[in-house]
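Everything below concerns the one structure shown next.
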Amino acid sequence: MSITEFLDSVDIAHFSSPEEFWERLHGLPNKDSAVIARTIFEERQTGRVNPLHSSFFFQSIENTQFFHHVVSPYLNVLLQELDAIQLPPGDILELGSGAGVVACFLAQKYPEKTVVGIDLLPDVVATAKELAQLLGLSNVEFRQVEIAGLQLGKTFGCVLSVALREEMSSGRQGSFGYFSAIAELPHALTAKSSPLSQCVAQHLVAGGLYVSLERCHDVASIASWVGEMQSEGISPSLEHSKMLTFTGVLTGAEKMPLLLSSRTESHIDAESLLQWRMSGSNEMQSDELAVELRIYSQRAWRVVKATEFSIRDELGDAAVRVYLLECDREGLVYFATNRGAREIIFETSFGGAQILSNKFEHLLGELTYNPSVVDVHSITSL
Ligand SMILES: C[S@@+](CC[C@H](N)C(=O)[O-])C[C@H]1O[C@@H](n2cnc3c(N)ncnc32)[C@H](O)[C@@H]1O
């Protein structure tokens, strides 16, 4: 069965525009879904999504059909990639299998293998079982289990996780520094293991393949995810891994790393991860990365002034830093948050920081009166 035929059999809706989505949503009985979608998008900014919120979209086959392309638009691209990957021998385990679409796709592609899908929530598991039945698949099973501490007593040739880490993590990791997330890569790559990476290590057979598609928005977040795996003796093959781009009807273009990993002693270092992230010159790079690369350019930017704002808003506590930087005759006003935002607000190629001094002070004045700001202090040592 081709991917198109499979998707047709699952009947996942495809919307060509947000207007079309809103129009069709309007006809649905449950209007709360728009509010829940918004909550999920906001939670993703913090790197921590509540599974109870995302489960709304997997509570029934109808919800999955309607929302998959809207909230998690990776399906089409992911299935094409999975279709092209040569899987090693052995059964397949999907962690956080949701409504079971990915697990069912693999079950129909590999009738000789058993596919096991694990999910935390009973109604989500019920939807996945219903989908398997609808598709007439007898080699896929879904179990309601918590992944943290999971021990199935069996290893698998292939383990998968898709958009799971953000539901198991304690929040955004990686971009915890300010000046340059790229400069933090060596530190991020030594991240401690996590319940997810432990579970993968527990269930991946020697010579097996771990396929992950997790929401890591910037290179430092990718590094901390790789660090989590590496601390469990698992590491991606950068040669076989790639950044995928999806265009969701509400999310717009989004990038996520498809990492193909295995048990290995060798570790990825910061330089090769950065090179990999920048490779493919015609690839759309995020604005944050472009700014990061400018700051990271190995040039000696001098910090002339820096101020930190502690903020509290609907996403919780965070910190914002604004820097006035200088290098030779160039000057920059650089804005960074520990939620991963990176922006050059003003720049000059002559006269250095002096030229931007008034603009910098003006910006600080504006930010000070922002209602979310709870504390302001200038930074004297960095
Ligand atoms: C975003 S969904 C992805 C679903 C599926 N992989 C897909 O792409 O269609 C993540 C799933 O992981 C499940 N999940 C989150 N935390 C979990 C945990 N600690 N143990 C088991 N499942 C978990 C959620 O219930 C949710 O169904």
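Values in this text are rule-based calculations from the coordinates and carry no lab data. As the structure is a computational prediction, the values presented were derived from the model and not from experiment. Virtual Cβ from ideal backbone geometry, glycine too; neighbours counted across all protein chains shown.
Of note:
- Under 5 Å, built H, 5+ apart or other chain: amide partners of Val140: Val115
- Positive-end residue, the chain charge dipole about Cα centroid, Cβ charges, pick of Ala206, Leu134, Tyr323: Tyr323
- Share of pairwise Cα separations in the range 117-275, more than 30 Å, in percent: 19
- Applying 0.36 nm per residue to the separation of Glu19 and Gln45 and subtracting their alpha-carbon distance, the gain on full extension is 7.0 nm.
- In order along the range 247-264, the Karplus-derived 3J(HN,Hα) couplings, from 6.51 cos²θ - 1.76 cosθ + 1.60 at θ = phi - 60°, round to 10, x, 5, 9, 7, x, 6, 9, 10, 9, x, 8, 9, 9, 10, 8, 6, 7 Hz, and Gly and Pro are given as x.
- Global geometry of the range 299-378, whether rounded, prolate or oblate, following the gyration tensor of its Cα atoms and the 1.5 cut on a/c: prolate
- DSSP loop chymotrypsin sites (Phe, Trp or Tyr not before Pro) with at most 11 other Cβ within 10 Å: longest gap in the chain: 1-349
- The charge dipole of the range 155-268, taken about its Cα centre with unit charges on the Cβ atoms of Lys, Arg (+1), Asp and Glu (-1) only, comes to about 60 debye.
- Length released on extending from Asp83 to Ala148, taking residue separation times 0.36 nm less the Cα-Cα span: 20.5 nm
- Over all pairs of different C-alpha atoms in the range 1-127, the reciprocal of the mean inverse distance, the Kirkwood hydrodynamic radius, equals 15.7 Å.
- Dipole of the chain, positive direction: furthest Cα of Val35, Ala300, Phe346, with charges on the beta-carbon: Ala300
- Cleavage-rule hits, GluC sites (Glu not before Pro), the range 52-139, DSSP coil, Cβ neighbours within 10 Å at most 13: Glu112
- Cleavage-rule hits, GluC sites (Glu not before Pro), the range 310-339, DSSP coil, Cβ neighbours within 10 Å at most 16: Glu314
- The shape of the chain can be summarised by an equivalent ellipsoid whose semi-axes, obtained from the alpha carbon gyration tensor, come to 40, 25, 18 Å from longest to shortest.
- Alpha-carbon centroid distance for the pair the range 314-382 / the range 59-136, whole angstrom: 45
- For the chain: relative contact order, % (alpha-carbon pairs under 8 angstrom, 6 or more apart): 13
- Other residues lying with their Cβ under 13 Å from the Cβ of Thr251 contribute a combined charge of +2, Lys and Arg counting +1, Asp and Glu -1.
- The range 299-378 - percent relative contact order, Cα under 8 Å, separation 6 or more: 31
- Leu244 long-range amide H proximity, modeled H, under 5 Å: Met256, Leu258
- Largest GNM mean-square fluctuation among Gly157, Gly227, Gly149, using the chain with Cα springs under 10 Å: Gly149.
- Residue exposure proxy: His14, His53, ordered by other Cβ atoms within 10 angstrom of their Cβ from fewest to most, comes out as His14, His53.
- Test item: Cα-centred dipole of the chain, Lys/Arg +1 and Asp/Glu -1 on Cβ, debye: 580
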